[in-house]
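Visitor: Take this structure, written in structure tokens, and hold onto it; I'll ask about it next.
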Amino acid sequence: MATHLTDGQRATYEEQGYLFPLQACTRSEAQAYRDALEVVETKAEKTALKANCNFLIPEIDALTRLPAILDPVESLIGPDILIWGCSLFAKNAGTESYVSWHQDLNYWGLESDAQVTAWVALTPATVESGCMRFVPGSHRQIVEHRDTFADENMLTRGQELTVDVDEADAVNIELSTGEFSLHHGRTFHASHPNRSTDRRIGVAIRYIPTKSRQEGGIRTLATLVRGQDCYNHFELFDPPTTALSVEGIAAQRRASERSNSILYRGAESHARTA
């Protein structure tokens, strides 16, 4: 049953910059979300589904709206909630894909750091499969990043912190199928390659309050999932009714064009597509 965070859970999040594990859905429900995703993957390039996959897959849109996720999110950012982005992070078994140490808000171009990401495991996220790793308390600082554009790095620019992270300080965020974690956009996080025999599939849902806005007044796309939007800082997209709809594909394209102008700001000309 959905529930808001306790005072203790909120204190842990504010102290550590993350909270886990929380339950989003049952294993069988998570399997159904995975099945829907993988059916769509047979009809579209996997890279095309990485960003704003909630625009293209009704089942993923439904996942982002689960009260079991929205209630804890509301405890942290209030009752009027937008999804600023919904990213698919799928590492195939035995591949070298990884995520370098970074802070999300360093390159998102949001005016406020009032934001929380829910990372939902559609398959087990273990040390072996390359679960996320967080550095406790690291959300209290802002660190410069450098671009690498490394081939196996799953981030848009292959961005990484310019400071060394002591791996002994990192906490492995292991999640069972159907569980999720919450983390602040300035929390240092990374993940290793998947050495398991199954795909490691996670959906990262970036929630912001409706009063948020992009720097420079750019109106990127967002989805209203709870409460009211009285600010009109973002172009809102309605829930998709069918997979890979013309409207959803067009909205994803607009979102990518506008987001790329922010995500690749200051990057070298050989930046790859987000």
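The values are calculated or read from the model by the stated rules, or taken from the named source; none is laboratory data. The model shown is predicted, which means the values in this text are computed figures rather than measured ones. Virtual Cβ from ideal backbone geometry, glycine too; neighbours counted across all protein chains shown.
Visitor: Report, by residue number, each residue of region 14-67 that is over 28 Å from SER259 (Cα atoms) and hydrophobic (A, V, I, L, M, F, W, C).
Guide: PHE20, LEU22, CYS25, ALA30, ALA32 - these are the residues of region 14-67 that are over 28 Å from SER259 (Cα atoms) and hydrophobic (A, V, I, L, M, F, W, C).
Visitor: Here is a follow-up. Restricting attention to region 204-222, does a residue exist that is touching a Pro at 6+ places or on another chain (Cβ under 8 Å) and crowded, with 18+ Cβ neighbours inside 10 Å?
Guide: In the first step, residues of region 204-222 are kept if they are touching a Pro at 6+ places or on another chain (Cβ under 8 Å); the result is none.
No; the residues of region 204-222 include none that is touching a Pro at 6+ places or on another chain (Cβ under 8 Å) and crowded, with 18+ Cβ neighbours inside 10 Å.
Visitor: Could I ask something else about it? Where residues in region 188-239 are more than 21 Å from ASP71 (Cβ to Cβ) and of a type in the set (Val, Ile, Thr), which of them is farthest from the chain's Cα centre (by Cα)? Quick ask: steps written out before the conclusion?
Guide: Just the residues of region 188-239 that are more than 21 Å from ASP71 (Cβ to Cβ), to begin with: 188-201, 213-221, 230-238.
Narrowing the set further to residues that are of a type in the set (Val, Ile, Thr) leaves 197, 201, 218, 220.
Details: THR197: 24, ILE201: 12, ILE218: 20, THR220: 16 Å.
For region 188-239, the residue satisfying everything is THR197.
Visitor: Kindly indicate whether any position in region 205-214 is among the aliphatic types (A, V, I, L, M) and over 20 Å from ARG258 (Cβ atoms). Walk me through how you get there before you give the answer.
Guide: Of region 205-214, the ones among the aliphatic types (A, V, I, L, M) are 205, 208.
Filter once more, keeping what is over 20 Å from ARG258 (Cβ atoms): none.
The answer is no, given that none of the residues of region 205-214 is among the aliphatic types (A, V, I, L, M) and over 20 Å from ARG258 (Cβ atoms).
Visitor: Mind checking which residues of region 232-250 are within 19 Å of ILE81 (Cβ to Cβ) and either outside any strand (DSSP E or B) or in contact with a His (Cβ under 7 Å, 6 or more places away or on another chain) (or both)?
Guide: The answer is ASN232, HIS233, PHE234, PHE237, ASP238, PRO239, PRO240.
Visitor: Please state which one of VAL116, VAL120 is over 24 Å from ASN260 (Cβ atoms), touching a helix residue (DSSP H, G or I) at 6+ places or on another chain (Cβ under 8 Å) and not aromatic (Phe, Trp, Tyr).
Guide: VAL120 is the lone residue from the list that is over 24 Å from ASN260 (Cβ atoms), touching a helix residue (DSSP H, G or I) at 6+ places or on another chain (Cβ under 8 Å) and not aromatic (Phe, Trp, Tyr).
Visitor: Please enumerate the residues belonging to region 105-126 that are among the aliphatic types (A, V, I, L, M) and either closer than 13 Å to SER87 by Cα or out of contact with any Pro (no Cβ under 7 Å at 6 or more places or on another chain) (or both). Steps first, answer last, please.
Guide: Pass one, region 105-126, residues among the aliphatic types (A, V, I, L, M): 105, 110, 114, 116, 118, 120-122, 125.
Listed by number, the residues that qualify are LEU105, LEU110, VAL116, ALA118, VAL120, ALA121, LEU122, ALA125.
Visitor: Got at least one residue in region 226-234 being within 21 Å of VAL73 (Cβ to Cβ), among the hydroxyl-bearing types (Ser, Thr, Tyr), out of contact with any Asp or Glu (no Cβ under 6 Å at 6 or more places or on another chain) and exposed (fewer than 14 other Cβ atoms within 10 Å of the Cβ)?
Guide: Checked region 226-234: at least one residue is within 21 Å of VAL73 (Cβ to Cβ), among the hydroxyl-bearing types (Ser, Thr, Tyr), out of contact with any Asp or Glu (no Cβ under 6 Å at 6 or more places or on another chain) and exposed (fewer than 14 other Cβ atoms within 10 Å of the Cβ).
Visitor: Moving to a separate point now. Condition first: in a strand (DSSP E or B) and either farther than 13 Å from GLY130 by Cα or modelled with pLDDT under 95 (or both). Now tell me which residues in region 153-188 satisfy that.
Guide: Just the residues of region 153-188 that are in a strand (DSSP E or B), to begin with: 153, 160-161, 171-173, 175, 179-183.
ASN153, GLU160, LEU161, GLU179, PHE180, SER181, LEU182, HIS183, listed by residue number.
Visitor: In addition: Is region 233-245 home to any residue that is at pLDDT 95 or above, touching a strand residue (DSSP E or B) at 6+ places or on another chain (Cβ under 8 Å) and closer than 18 Å to ASP113 by Cα?
Guide: Taking every residue of region 233-245 in turn, at least one turns out to be at pLDDT 95 or above, touching a strand residue (DSSP E or B) at 6+ places or on another chain (Cβ under 8 Å) and closer than 18 Å to ASP113 by Cα.
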